[in-house]
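See below for the structure under consideration.
The values are calculated or read from the model by the stated rules, or taken from the named source; none is laboratory data. As the structure is a prediction and not an experimental result, all values here were calculated from the model. Cβ placement follows ideal geometry from the backbone for every residue including glycine, while neighbour counts extend to all protein chains displayed.
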Amino acid sequence: MSSVPVITIDGPSGAGKGTIAQMVASHFDWHLLDSGALYRILGVSANHAGLIPAVDEASFKHDLSVNQQQNITSLATELSIEFVINPRSKEVEPLVNSVNLALQIRTDDAAQFASKVAAIGSVRDALLDLQKNFAKPPGLVADGRDMGTVVFSEAKVKIFLTASAKCRAERRYQQLINKGVGANMRALLQSIEDRDQRDQNRSVSPLVPAADALVIDSSELSIEQVFNQVIDYASEKVV
Ligand code: DC
């Protein structure tokens, strides 16, 4: 596995990692790991199994009990997760125990569930091998929060892509409006700040740039500008 080249792209939600990771993977014709999707799948499945309350329930703000954490960790080891390409849209979609959860994992509630399960150390350990197994020839682009610091700490190229919370909320707002979905800017900003807070301050694998990562702030950059910076940097190191 160590001979397979890996490019890690970490950073907070809404910085454009997903888009850039897809573009970089298709540029090199490499595999792609969307690790956030794994945490979203587990979060949604834990909610379905009654192991996490709904986001609007008062108890959602409480820390998960040891018992809940153990049950969610067991669930992480039991789920059968497969990624398939939708022949029509060409999008990668998750089949979880043979059920397609593509739409359910992209909601804001799913993001909140994901952030909760992602703070459990034993869950992160349980998902480690699954993530490492994505590193297959000719190479892998791995998108997440701890790809460069933990999962692929030996990666040749590490990018940390960030942007201000306000800018990320505005992008999300625009995305939702373009989809014809109503959106509330204040609520979006709050949700992004809550999630950042949890992701940056958790005791296990907090969201920090790897010491050897190239940090790119995309607040004032177009997607093409970020993509070009990443490709220039990566091409020197891996090709
Ligand atoms: O990238 P995303 O929005 O799909 O991630 C969903 C949540 O999962 C986010 O709150 C952080 C968490 N996550 C993580 O802790 N580690 C990763 N490698 C990827 C995502």
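Condition check ((1) in contact (Cβ under 8 Å) with a residue 24 or more places away in the chain; (2) in a strand (DSSP E or B); (3) under 22 Å from V230 (Cα atoms)) across all residues:
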{"site": "A183", "(1), (2), (3)": "no, no, no"}
{"site": "D196", "(1), (2), (3)": "yes, no, no"}
{"site": "D199", "(1), (2), (3)": "yes, no, no"}
{"site": "V208", "(1), (2), (3)": "yes, no, yes"}
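Scanning region 97-118 for residues that are near the ligand (Cβ under 9 Å from one of its atoms) and touching a helix residue (DSSP H, G or I) at 6+ places or on another chain (Cβ under 6 Å) returns I105, A110, F113, A114, S115, V117, A118.
Can you say whether V99 is β-branched (V, I, T), modelled with pLDDT of 95 or more, over 15 Å from the mean Cα position of the chain (by Cα) and surrounded by fewer than 15 Cβ atoms within 10 Å (Cβ to Cβ), as far as the supplied structure shows? It is true that V99 is β-branched (V, I, T), modelled with pLDDT of 95 or more, over 15 Å from the mean Cα position of the chain (by Cα) and surrounded by fewer than 15 Cβ atoms within 10 Å (Cβ to Cβ).
Mind telling me which of the residues G50, G43 ends up being of a type in the set (G, A, S) and in contact with a Phe, Trp or Tyr (Cβ under 6 Å, 6 or more places away or on another chain)?
Working: G50 fails: in contact with a Phe, Trp or Tyr (Cβ under 6 Å, 6 or more places away or on another chain).
After ruling out the rest, the residue left standing is G43.
Among the residues of region 20-41, none qualifies, meaning not one is free of Cβ contacts under 8 Å to residues at least 24 places away in the same chain, in a helix (DSSP H, G or I) and touching a Pro at 6+ places or on another chain (Cβ under 7 Å). Can you tell me which residues in region 197-213 are modelled with pLDDT of 95 or more and surrounded by fewer than 17 Cβ atoms within 10 Å (Cβ to Cβ)? Correct list: A211, D212.
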